[in-house]
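Each reported figure results from applying straightforward, stated rules to the coordinates on display, with no laboratory input. Please read these numbers as outputs of a predicted model, since none were measured by experiment. Reconstructed Cβ throughout: ideal geometry from the backbone, glycine too, with neighbour counts over all protein chains shown.
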Amino acid sequence: MSDEKKKKKKAINRLKTMYPLRANIDKGYERSVEATKAGKPTAWSMVNWWEADPILKAMDIEIVYPENYGAVCAAFGKAQAFLDRSDAEGFPTHMCGYARNCIGYAAKMKELGEIPSEAPMGGMPKPMLLLCSGALCDARIKWFQALGRYLDAPVWTVEMPHPGVEESQMPGVREKAIDFMVKELREFVVFLERLTGRKMDWNKLDEIANDLIAINKIWYDLNEMRKVRPCPMHSRDFWTCMNASLFPAGDPKEALRLYQDMYDEVKQRVDDKIGAVANEKYRMIFGELPPWHALKIFDELAERGWNFVIESWAYQAPKPMDYSKISDPIERIATQTYQWLTGYFEDALKEKEYMGYFAYPYIEWARTFQCDGALFHPLITCRTATNHLILAQDRLLSKWNVPAMIAEGDIVDLNLFDYADTMRKAEVLEEMMDHHKKVRQERGLEW
Amino acid sequence: MTAEEKKGIARAKEIYQDRALRAKELKAEGKQVMGYFCLYPVLEVLTAFDIAPFRILGDMKEPITKADACLPTVVCPFVRSAFDLGLKGRYDFFDGVVMCHSCDIGEKASHIWRIYLDPSYYHFLDTPHTVHKAAQEQFKGQLEDFIKTLESFTGKELSTDKLKEAVEIYNRQRALVRELYDLNKSDPPLVSGTEIIEIMVALMSIPVDEGNDLLKQVITEAKERSDGPQKKPYRLLVWGSVIDNTALIEMIESVGANVVMDDTCVGSRAYFPVVETTDDPLDGLAYRYLVELKCPRTFWEAEYGETKKDYIKDLDSRFGYVKDYIKEWDVNGVILQSVRYCDIHGYEVPGIGDYLNHNSLPNIYIEHDYSEGALAPLRTRVQAFLELIG
């Protein structure tokens, strides 16, 4: 190995506890395929922010997340053929890259009558249920509806209200929203019982709901420790490990144990003042999903002293709250998901910021994590991940003198990310960050 | 002929060409005018408060410049155009706006509108994704909150009778629009597709009672005139995302077809569903706006809680009404169209295409970027499609 390669490898000080956690996630894919082969019912599910996951798990239904699998296909360089197939099927090319990957996959699976041989990590087994989520983007509903072309599995949609920031603070709105979610989830349980011929194990549901709350709590607390200087954990470790929280497909207790180990390691680094980047020069926000196929860019930026200390709201755990007085597990589940969705709204309203999710958290974190700049990666095929980034860029600069650069790319389509251009923009951003740091000091801001 | 003397189709065209014309007059007379986005803000509520609703639309002829500073280029160009007009002051006469969770970008653009345009009154109407019973109750609750904010803004209390009156007058408008569309069941149709767009845009720019008068004039004129559309070999239905400009329909009609029917949100989709009379008018309103409006932003299933998917049955439940239109309006070809980056329509395209093919109905999909310049290459495709129909 050359000296240069050694140097690049050391630019980010990865957490040791990240490796077993990630290995457990990877095993999850294989376990899903094996479980289905053994006759276990499988659901393809949209990420639903813990609203439906505990119910599926309590009903002993294996969960596969095609969004996550899209990232897997991209990382293995296997997505392009599925994207091309989706295009050939007549779906517009501007649609979500994960959806196109999945549609192409489903079309191929129908044609072959089995999992395509080129599918990485064992592929996605044929589902008995397609579970849509009303959260955030239209693809979460439309994509699985469109899969009716290739799969005969029924489609269910779990609802998620999206109040405006000011409207969310009106009397009764929170209660009505959670009540609505609870009613819908109870209907979902009845539906699943009919679909599977099994009865819900309410004790098991209670336990899993608590496990997921505990996972989110420790994951939240762990990320809070990244506020210190130098930041002990880089975004690379966040992206590698978020799946265990966001896609709770494996054993929650095992995930909880692995997150606890990770928490302990991060805590130790805080105590020892060890940063994830040796010379932390710039504390950075990363906006939206990273270019999975070009993650080495983080290493190159780390060599320049860029430490990514916080990232996109949608993949973070909800702000902790007290769930102990909510005895009904369904209500506890709905409350946690609603808390995730609206947890920043009250603060956003105080600041007269009206996009309480996606954009506002960046504004809050820029101050609380003392960030120098932001790298936003709008995803050409994902409107949801993109439509707020110019707003966030504008607000960060005007409010806190924190500049942001935009480097367009995609979550799956390799052709849409320009690595060299991103690095050129990074150099310009450094000049801007240096300048605005002085302006912040002149303004008397704390960082 | 002076502007004041214009009636019927000419009056509709006049309003289409200068949408704010009447709204600004009303404003000068002291009436409140409120902008609304998409189909889900309940117009009966605004009218019951004596507020004139004015639909926020875009302008294909106006290059998008200011919106680039707030919204990325990879989102719906119609939404970007509407927002661009707002930033350029074209909607400065509004007393407030009512936005909704139409689609994802509609929702986000609403919040961005609030931030950059800072209207005196703003309300965001969250709209559930499903049509389940609980969703209808939730939406009704949303309407109650919406009313509370308007009571606070106007200082008036809403009476149930006023709301019922508003329901009646809007249902009359819907019946008149249906009557207008029925004129196109004849061959040749009595109103061109281009004129339909002008009339629909005009209706969305004036108070409902004035709209009803306009519709009566238009219907009488269309029946009596001798210079209406000519008979052509192709009777088309146009399906898809918003069309608020005549350019696309003009292009289609210029190559030898009559557009006799549509399924778009500045057309039949906005007007065909009526409000059922219910003791509490909010029940009927919630049902009409959530369940009856057939926009693909909402999730429907063929049968509630079905445990096995039958693809054709599913398509029939989602697009069966389009098949009915095709039969009633004697359509021999369907143009499926969408603005680029419209996810909710984009995902539907292969499905509705399958459904039309299953029913042996020729169809073609065209995509455009909400600019007149982008339509020229589509002309050739439409011509080829017409040749294919034979």
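Is the protein assembly as shown rounded, prolate or oblate when judged by the Cα gyration tensor, a ≥ b ≥ c being the square roots of its eigenvalues, rounded requiring a/c under 1.5 and prolate requiring a/b larger than b/c? Judged from the Cα gyration tensor, the protein assembly as shown comes out prolate (a/c at least 1.5, a/b above b/c). Cross-link pairs exceeding 29 Å between alpha carbons, from the set A:LYS10/A:LYS319; A:LYS10/A:LYS108; A:LYS204/A:LYS319; B:LYS108/B:LYS133; A:LYS399/B:LYS24; B:LYS7/B:LYS148: A:LYS10/A:LYS319; A:LYS10/A:LYS108; A:LYS399/B:LYS24; B:LYS7/B:LYS148.
For segment B:225-389, the spread of Cα coordinates along the three principal axes comes to 48, 41, 30 Å, biggest extent given first. For segment B:22-163, a/c is not less than 1.5, where a ≥ b ≥ c are the root eigenvalues of the C-alpha gyration tensor, and a/b does not top b/c. That puts it in the oblate class. Exposure proxy for B:GLU62, B:GLU387: other Cβ atoms within 10 Å of each Cβ, ordered fewest to most, give B:GLU387, B:GLU62.
Taking the beta-carbon count within 10 Å as an exposure proxy, list B:ARG297, B:ARG381 from fewest neighbours to most. Working shown, then result.
Values: B:ARG297 23, B:ARG381 13.
Going from sparsest to densest Cβ surroundings: B:ARG381, B:ARG297.
Farthest toward the positive end of the dipole of the protein assembly as shown, out of B:PRO188, B:TYR271, B:THR73, is the Cα of B:THR73, where the dipole comes from beta carbon charges about the Cα centre.
Among the lysines of segment B:225-389, pairs that are 8 or more positions apart or on different chains and have alpha carbons within less than 28 Å of each other number 14. Placing R0 at 45 angstrom, the Cβ-Cβ distance between A:LYS227 and A:GLU111 gives a FRET efficiency of 0.30 after rounding to 0.05.
With both bridge residues required to lie in segment B:225-389, what share of the DSSP beta bridges run antiparallel, to the nearest 5%?
0 percent
The alpha carbons of chain A stretch over 66, 54, 40 Å along the principal axes, in descending order. Sorting A:GLU331, B:GLU168 by the number of Cβ atoms found within 10 Å of their own Cβ, with the fewest placed first, yields B:GLU168, A:GLU331. Need one word for chain B: rounded, prolate or oblate. Basis is the Cα gyration tensor (sqrt eigenvalues a ≥ b ≥ c); a/c below 1.5 gives rounded, then a/b vs b/c decides. In terms of gyration-tensor shape, rounded. Rank A:TYR150, A:LEU195, A:THR36 by how far each Cα sits towards the positive end of the charge dipole of the protein assembly as shown (+1 on Lys, Arg Cβ; -1 on Asp, Glu Cβ) and give me just the farthest. In the protein assembly as shown, that residue is A:THR36. The angle between the Cα long axis of helix A:173-196 and the longest principal axis of the Cα atoms of chain A comes to about 40 degrees, rounded to the nearest 10.
How many Å³ per residue does the convex hull of the Cα positions in segment A:358-416 occupy?
Details: hull volume 4.3 nm³, N = 59.
Considering the Cα atoms of segment A:358-416, their hull volume per residue is 73 Å³.
Which whole number gives the average count of other chain Cβ atoms within 10 Å of the Cβ atoms across peptide A:382-395? Don't jump to the answer; show the numbers that get you there.
On the way: counts 3, 12, 6, 0, 7, 15, 6, 2, 8, 9, 0, 2, 4, 1.
Counting other chains' Cβ atoms within 10 Å and averaging over A:382-395 gives 5.
Assigning unit charges at the beta carbon (Lys, Arg +1; Asp, Glu -1) and nothing else, what dipole magnitude in debye, to the nearest 20, does chain B show about its Cα centre? Spell out each step's value before the answer.
Values: 46 positive and 63 negative charges, 135 e Å.
Computed charge dipole of chain B: roughly 640 debye.
How large is Rg over Rh for segment A:256-390, taking Rg from the Cα atoms and Rh as the Kirkwood inverse mean of 1/r across Cα pairs? Could the numbers behind the result be given before it?
On the way: Rg = 17.1 Å, Rh = 17.1 Å.
Taking Rg over the Kirkwood Rh, I get 1.00.
Computed about the Cα centre, the dipole magnitude for chain A is approximately 680 debye when only Lys and Arg (+1) and Asp and Glu (-1) carry charge, each at its Cβ.
How far is helix A:66-75 tilted, in degrees, relative to the longest principal axis of the Cα atoms in chain A, given as a value from 0 to 90 rounded to the nearest 10? Helix A:66-75 sits at roughly 50 degrees to that axis.
Here the scattering of segment A:312-447 is modelled by Debye summation over its C-alpha atoms, one equal scatterer each and no solvent; at q = 0.19, 0.20 Å⁻¹ the log10 of I(q)/I(0) is -1.13, -1.19. Projecting the Cα atoms of B:HIS123, B:TYR40, B:PHE93 onto the dipole axis of segment B:22-163, where Lys and Arg carry +1 and Asp and Glu carry -1 at the beta carbon, places B:PHE93 farthest toward the positive end.
Against the longest alpha carbon principal axis of chain A, how many degrees, from 0 to 90 and to the nearest 10, is the axis of helix A:359-368 turned? The answer is roughly 50 degrees.
Working ranking of peptides A:13-19, A:125-131 by packing, defined as the average number of other Cβ atoms within 10 Å per residue, highest first, is A:125-131, A:13-19. In the structure shown, the pairs A:LYS227/A:LYS267; A:LYS78/A:LYS425; A:LYS16/A:LYS273; A:LYS16/A:LYS253; A:LYS37/A:LYS126; A:LYS183/A:LYS253 are assessed against 18 Å; a Cα-Cα span above that value is assigned to A:LYS78/A:LYS425; A:LYS16/A:LYS253; A:LYS183/A:LYS253. Applying the criteria of a DSSP loop state and at most 11 other Cβ atoms within 10 Å to the chymotrypsin sites (Phe, Trp or Tyr not before Pro) of segment B:78-136 yields no site. The mean number of partner chain beta-carbon atoms within 10 angstrom of a residue's beta-carbon across peptide A:129-139 is 4.
Across peptide B:75-84, the average count of Cβ atoms from other chains found within 10 Å of a residue's Cβ is 1.
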